[in-house]
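Derivation of every value follows stated rules applied to the coordinates shown; laboratory data play no part. Only a predicted model underlies this, so the values are computations on that prediction, with no experimental measurement involved. Heads up, the Cβs are rebuilt from the backbone with ideal geometry, glycines too, and the neighbour counts pull from every protein chain shown.
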Amino acid sequence: MRQEKHIFEYAVIRVMPKVEREEFINVGVILYCRPKGFLQTSYILDKERLMAFSEELDLREIEDRLKMFQVICTGGSEGGTIGQLGIAERFRWLTASCSTIVQTSPVHPGLCEDPQITLERLLKQLVL
C-alpha cells in the first residue's frame, strides 16, 4: 500500500562569515510540513571546514544560533516570544531574510511521504 504524499517546504541553513562577500557553507536544513504538523531542523557543524573557510568565526556563537533554531522549531516558552507562535509562523520567522552570519536559503517546496526521512535525505544531499 502506497503512503500519501504531503506538501513540505524547506530551506538550507548557511553560515556566511562575511555577509558582504556572499560566500557561505551549508550547515543544515529546516523542514516544515503543515499536513503532518512537522517543523524540525537538523545540522552538522564541521568545525574544521568552517575554520578553513574563515579563521575569524566564533564557533560557539554559530552553534548557539543553530541550537536556537532547534528550540524555536520545538516551540514553547524556551523559544521566547517566537517559540510561542504557531508552527507556520515559527517557520516563516526562521526562514525570513536576514543579514547575519547564520541565515537560510530561499524556501523550496516538495512532496514527501515522511518528513523526518526527507529532512535526513536533504541534509545528506545539501550539507554533506
Excluding same-chain pairs closer than 8 in sequence, count the lysine pairs in the chain whose Cα atoms lie under 20 Å apart. 5
May I ask you to evaluate 6.51 cos²θ - 1.76 cosθ + 1.60, the Karplus curve with θ = phi - 60°, for each residue of segment 8-13 and list the ³J(HN,Hα) values in order in whole Hz, giving x for glycine and proline? 9, 10, 8, 9, 8, 8
Sort the following peptides by mean Cβ neighbour count (other Cβ atoms within 10 Å, averaged over residues), highest first: 94-106, 39-51. 39-51, 94-106
At 222 nm, what helix-only mean residue ellipticity would the chain give, in deg cm²/dmol to the nearest 500, using -39500 (n - 2.57) for each DSSP H run of four or more? -10500 deg cm²/dmol
Rg to Rh quotient for segment 6-126, alpha carbon positions, Kirkwood Rh: 0.96
